[in-house]
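Report on one structure; see the data block that follows.
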Amino acid sequence: MQTRYLSITFAIALGFLSQPTLRVAAQSPEARRAMKQQQQAQQQMQQRMREIAESQAELPTDPQLLTLHKEFVAKAEKLATEFERKKQFEKAREVYESLVRLVPSNTAAEQALQRILGNQAMQDKKLVDVQANQGWQDSGASLVEGMPVRIGIKGTWKVVYETGPGGIEIPEEMRPKDGRIKLGSLIAVIASSPKELEDGKPMLLSDGKDFIAEKSGRLFLRMFDIDPSDNDGKIYVLIQSTFE
């Protein structure tokens, strides 16, 4: 019987995205999950703003004290702007939080604080290459539970198998529970131990995908394949989040 060779090339969308983009139908499971994750991140930010607003102080009534108060606010606003310019977001956040507490209905400070909280959510970046012919690979990114994660992907890789005309059947125990995961897909697991890596449920990654880290731990990446050793190529993955 003549042996045939099956060669499959998977092309991953080119270019990293600077903003999250949903590229699936609005009613698809992936779109609903992404929308829910974005809502959770927004709710966390709103909760933080509510906590700050509840601790706001009243403005002083004494004219001299009010003058000193205004002078302090002006200097604090200048300091916060300087911290933000230098990308010292944690220091800028502390100043803006103080301004929001000290000055009721300070719209400018509230908007700046929301901007800082958004920047902090994606302040860390890591670019890694994922080899097609290896198993789980440590991305080096330690994710924080509850923080949003943004993924950008660039590159291509090949899945190569030697097979007869009957093709290849994936063993039942190795078939992913997520039906969207195909042979050659980029998958990921968040794990803090070898057991978690072995038992963890893989999630499908795609270019422009946003998700909320369900737990803290290292992000591991690989191609989904029974035996990756004969595969070829690599893809580049940009991970943006707040790392531990």
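Rule-based calculations on the coordinates, nothing more; no lab input. Here the structure is a predicted model, which means the values were calculated and not measured. Cβ: placed from backbone, ideal geometry, glycine included. Neighbour counts: every protein chain shown.
Structure notes:
- Filtered residues of segment 185-244 (kept if closer than 17 Å to Asp129 by Cα, among the hydrophobic types (A, V, I, L, M, F, W, C) and assigned to a loop (DSSP other than H, G, I, E, B)): Leu205, Phe224
- Hits in segment 79-115 - residues which are more than 26 Å from Thr242 (Cα to Cα) and free of Cβ contacts under 8 Å to residues at least 40 places away in the same chain: Ser105, Asn106, Thr107
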